[in-house]
Amino acid sequence: MTPIEANVEEYLLWMRVHNYADTTISCRRRYLGYFSGFCLQRGIDEAAAVTFELLQSYQRQLFEHRKQGGQPLTVATQVQRLVPISHFFSWLRRSGHLKINPANDLLMPRPDRRLPEATLSTAEMAALLAQPDLARPLGLRDRAILEVFYSCALRRQELIDLTVPDVDFDRATVFVRCGKGSKDRYVPIGERALFWLRLYLDLARPRFTKQTAGQLFLSSVGTPICPDWLSRKVRRYLRDADIHKKGSCHLLRHSVATLLLEGGADIRYVAEMLGHARLETTQRYTHVSIDRLRTVHTAAHPAASLDVAMAAELARLIPSSKISLH
């Protein structure tokens, strides 16, 4: 193990001691591993030899990197890989391993203020939910999974981590433990989702395991379901429903947030349900809820509709072959 790799391990131990989430520590390990490999390729095996210029070179490499399909890394991905490096060197300085922090002046790329690329309508959601084969236990499980996604707008890992006791049928809530940022929260769940969950628990789940506790959703051999498998499964159901929109599990989360706002839900309650730490994160969905905006525009804008008299005059002046009012 090189000195910089030993520093990384010490830093990750510090994170565990300070109660950082396991997923955060795992991501930091992966991204710091990428950076350590970059350093080793250039003959640098200790943190003290890392310079600001080297960090800039790594940032430039991330910017120029192309994936297999030729696409660049998104700005969010670039930031995701740079932030752990900045935190790592800040920790090295605070803990006395370095006298100077070379990442002090490293500027992160400006984040994109982009909207979700797509959301599902209520009709598309209905088509998606109809895809699992309910004659099979696995199909019943998949329907319950989709219903919970649709009702609760959980993140993928939050759904995978649910245990049977986390669902309170009497209070109609789901307890999300250690969500993003290691924060717990309660999320409401609708009657329909509870109906499908009860069917799954009574008729399907006992076929996968004899246990009475543990993970709520299980694979066919009784193990917790895999995140990548779940994403592939949702994408397959989307294709089967003839829905060709990009995304999988997070597409459902985006869609629920948008549909809630379009239905008149207060943005503060939507933020609480989604587990957003900042209201600004939820506000981007207000830009997607175009149906609500269109209704307000039609009701309030003086030029939103075509005047009947003006339409009649246009029809008289312009040959009908060149204009259609319908």
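None of the figures in this text is laboratory data; all of them are computed from the coordinates on show. In this text, all values refer to a predicted model and were calculated from it rather than measured experimentally. Positions of Cβ are generated from backbone atoms using ideal geometry, with glycine treated the same way; all protein chains shown enter the neighbour counts.
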Worksheet, complete the sentence: Largest first and rounded to whole Å, the semi-axes √(5λ) derived from the alpha carbon gyration tensor of segment 3-94 read 22, 17, 11
Discussion item. As a test of the definition: which semi-axes, in Å, follow for segment 17-157 when you take the square root of five times each eigenvalue of its alpha carbon gyration tensor? Largest first, please.
Written reply: 42, 19, 14
Worksheet item: Projected onto the charge dipole of segment 3-94 (+1 at Lys/Arg Cβ, -1 at Asp/Glu Cβ, origin at the Cα centre), which of 23, 92, 52 gives the Cα projection farthest towards the positive end?
Response: 23
Practice prompt. With +1 on each Lys and Arg Cβ and -1 on each Asp and Glu Cβ, and nothing else charged, work out how big the dipole of segment 3-94 is about its Cα centre, in Debye to the nearest 20.
Written response: 320
Practice prompt. At 7 Å along the Cα-to-beta-carbon direction for both residue 66 and residue 175, put a label point, then send me their distance in nm to one decimal.
Written response: 5.1
Discussion item. Based on alpha-carbon atoms only, what is the radius of gyration of segment 122-288 relative to the globular estimate 2.2 N^0.38 Å?
Written reply: 1.00
